[in-house]
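Novice: Below is a structure I'd like to ask you about.
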Amino acid sequence: GGGGAPRSSGGGSGCQVFITNLSYDTEWQGLKDHFRDCGEVLRADVKEDHNGRKRGIGIVRFTSPAEAQRAVSELNGVELDGRELMVRIDERA
(Lines give C-alpha, C1' and ligand atoms only; values in the text may rest on other atoms or scores of the structure.)
Protein backbone atom coordinates (compact mmCIF):
# COMPACT_ATOMS: atom_id res chain seq x y z
CA GLY A 1 0.00 0.00 0.00
CA GLY A 2 1.09 3.46 0.94
CA GLY A 3 0.39 6.75 -0.74
CA GLY A 4 -2.96 7.83 -2.07
CA ALA A 5 -5.09 10.95 -2.08
CA PRO A 6 -5.17 13.34 0.87
CA ARG A 7 -7.92 12.61 3.35
CA SER A 8 -9.28 16.17 3.22
CA SER A 9 -10.83 15.63 -0.22
CA GLY A 10 -13.45 13.25 1.19
CA GLY A 11 -13.57 9.51 0.78
CA GLY A 12 -11.43 8.75 3.81
CA SER A 13 -11.47 5.74 6.11
CA GLY A 14 -14.72 3.82 6.19
CA CYS A 15 -16.00 5.39 2.97
CA GLN A 16 -15.31 2.43 0.72
CA VAL A 17 -17.18 -0.85 0.26
CA PHE A 18 -15.77 -4.11 -1.07
CA ILE A 19 -18.08 -6.15 -3.30
CA THR A 20 -17.71 -9.85 -4.12
CA ASN A 21 -19.74 -12.27 -6.25
CA LEU A 22 -19.97 -9.77 -9.12
CA SER A 23 -21.04 -11.08 -12.50
CA TYR A 24 -18.21 -11.13 -15.03
CA ASP A 25 -20.57 -9.05 -17.20
CA THR A 26 -20.70 -6.17 -14.70
CA GLU A 27 -18.82 -3.04 -15.76
CA TRP A 28 -17.76 -0.20 -13.46
CA GLN A 29 -20.54 2.02 -14.86
CA GLY A 30 -23.21 -0.51 -13.91
CA LEU A 31 -21.69 -0.88 -10.46
CA LYS A 32 -21.69 2.89 -9.95
CA ASP A 33 -25.31 3.18 -11.10
CA HIS A 34 -26.38 0.34 -8.77
CA PHE A 35 -24.80 2.02 -5.72
CA ARG A 36 -25.80 5.60 -6.59
CA ASP A 37 -29.02 5.45 -4.50
CA CYS A 38 -26.94 5.02 -1.34
CA GLY A 39 -24.95 8.24 -1.74
CA GLU A 40 -22.49 10.15 -3.86
CA VAL A 41 -20.15 7.68 -5.55
CA LEU A 42 -16.61 9.05 -5.93
CA ARG A 43 -15.25 5.93 -7.63
CA ALA A 44 -16.40 2.52 -8.76
CA ASP A 45 -13.95 -0.11 -9.92
CA VAL A 46 -14.29 -3.70 -11.15
CA LYS A 47 -11.04 -5.58 -10.53
CA GLU A 48 -9.31 -7.50 -13.31
CA ASP A 49 -6.42 -9.95 -13.31
CA HIS A 50 -3.16 -9.32 -15.18
CA ASN A 51 -4.76 -10.70 -18.39
CA GLY A 52 -7.66 -8.24 -18.25
CA ARG A 53 -10.22 -10.83 -17.12
CA LYS A 54 -12.69 -9.71 -14.48
CA ARG A 55 -12.23 -11.29 -11.06
CA GLY A 56 -15.81 -10.92 -9.78
CA ILE A 57 -14.87 -8.31 -7.19
CA GLY A 58 -15.09 -4.55 -7.05
CA ILE A 59 -14.95 -1.45 -4.89
CA VAL A 60 -17.18 1.58 -4.54
CA ARG A 61 -15.98 4.70 -2.71
CA PHE A 62 -18.46 7.18 -1.24
CA THR A 63 -18.01 10.68 0.18
CA SER A 64 -18.87 9.59 3.75
CA PRO A 65 -18.79 6.51 5.99
CA ALA A 66 -22.58 6.85 6.50
CA GLU A 67 -23.14 6.36 2.76
CA ALA A 68 -20.86 3.32 2.70
CA GLN A 69 -22.70 1.83 5.68
CA ARG A 70 -26.01 2.47 3.93
CA ALA A 71 -24.73 0.59 0.88
CA VAL A 72 -23.88 -2.42 3.07
CA SER A 73 -27.31 -2.29 4.75
CA GLU A 74 -29.32 -1.84 1.57
CA LEU A 75 -27.38 -3.72 -1.13
CA ASN A 76 -25.75 -6.72 0.60
CA GLY A 77 -27.59 -9.75 -0.80
CA VAL A 78 -29.26 -7.73 -3.59
CA GLU A 79 -28.98 -9.04 -7.14
CA LEU A 80 -27.06 -7.25 -9.90
CA ASP A 81 -26.67 -8.79 -13.37
CA GLY A 82 -28.05 -12.10 -12.08
CA ARG A 83 -25.66 -12.42 -9.10
CA GLU A 84 -26.41 -11.84 -5.41
CA LEU A 85 -23.82 -9.31 -4.24
CA MET A 86 -21.85 -9.55 -1.02
CA VAL A 87 -21.11 -6.02 0.20
CA ARG A 88 -18.99 -5.04 3.22
CA ILE A 89 -16.96 -2.09 4.45
CA ASP A 90 -13.46 -2.23 2.96
CA GLU A 91 -11.26 -2.16 6.07
CA ARG A 92 -8.09 -1.75 4.00
CA ALA A 93 -9.23 1.47 2.31
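Novice: I need the full set of residues from region 36-54 which are outside any strand (DSSP E or B), open to solvent by 40 Å² or more (accessible area, probe 1.4 Å) and modelled with pLDDT of 95 or more, in order please.
Specialist: Arg36, Asp37, Glu40
Novice: As an exercise: evaluate Arg92 against (1) touching a Ser or Thr at 6+ places or on another chain (Cβ under 6 Å); (2) surrounded by fewer than 14 Cβ atoms within 10 Å (Cβ to Cβ); (3) basic (Lys, Arg) and give the number of the one condition it does not meet.
Specialist: Only one criterion in (1) touching a Ser or Thr at 6+ places or on another chain (Cβ under 6 Å); (2) surrounded by fewer than 14 Cβ atoms within 10 Å (Cβ to Cβ); (3) basic (Lys, Arg) is unmet by Arg92, namely (1).
Novice: What do you reckon, is Asp33 loosely packed, with under 14 Cβ neighbours inside 10 Å and modelled with pLDDT under 95? It would help to see each step written out before you state the result.
Specialist: Values: loosely packed, with under 14 Cβ neighbours inside 10 Å: yes; modelled with pLDDT under 95: no.
Taking the combined requirement at face value, the residue does not satisfy it.
Novice: For residues that are in a loop (DSSP other than H, G, I, E, B) and open to solvent by 20 Å² or more (accessible area, probe 1.4 Å), scanning just region 55-89, find the one that is farthest from Phe35 (Cα to Cα).
Specialist: Step one: list which residues in region 55-89 are in a loop (DSSP other than H, G, I, E, B), which gives 63-64, 76-78, 81-82, 85.
Subset that is open to solvent by 20 Å² or more (accessible area, probe 1.4 Å): 63-64, 76-78, 81-82.
Numbers: Thr63: 12, Ser64: 13, Asn76: 11, Gly77: 13, Val78: 11, Asp81: 13, Gly82: 16 Å.
If we take residues in region 55-89 being in a loop (DSSP other than H, G, I, E, B) and open to solvent by 20 Å² or more (accessible area, probe 1.4 Å), then Gly82 is farthest from Phe35 (Cα to Cα).
Novice: Here is a follow-up. Quickly run through region 17-38 and pick out the residues that are touching a residue at least 60 places away in the same chain (Cβ under 8 Å) and closer than 13 Å to Glu79 by Cβ.
Specialist: In the first step, residues of region 17-38 are kept if they are touching a residue at least 60 places away in the same chain (Cβ under 8 Å); the result is 17-23.
Once the filter is applied, which keeps residues that are touching a residue at least 60 places away in the same chain (Cβ under 8 Å) and closer than 13 Å to Glu79 by Cβ, region 17-38 yields Ile19, Asn21, Leu22, Ser23.
The values are calculated or read from the model by the stated rules, or taken from the named source; none is laboratory data. Note that the structure is a prediction, hence the values are computed from the model and not measured. Glycine gets a Cβ as well: all are built from the backbone with ideal geometry, and neighbour counts include every protein chain shown. The protein model used for the area step is the full one, side chains on, heavy atoms only, and it has no ligands, DNA or RNA in it. Shrake-Rupley method; radii C 1.70, N 1.55, O 1.52, S 1.80 Å.
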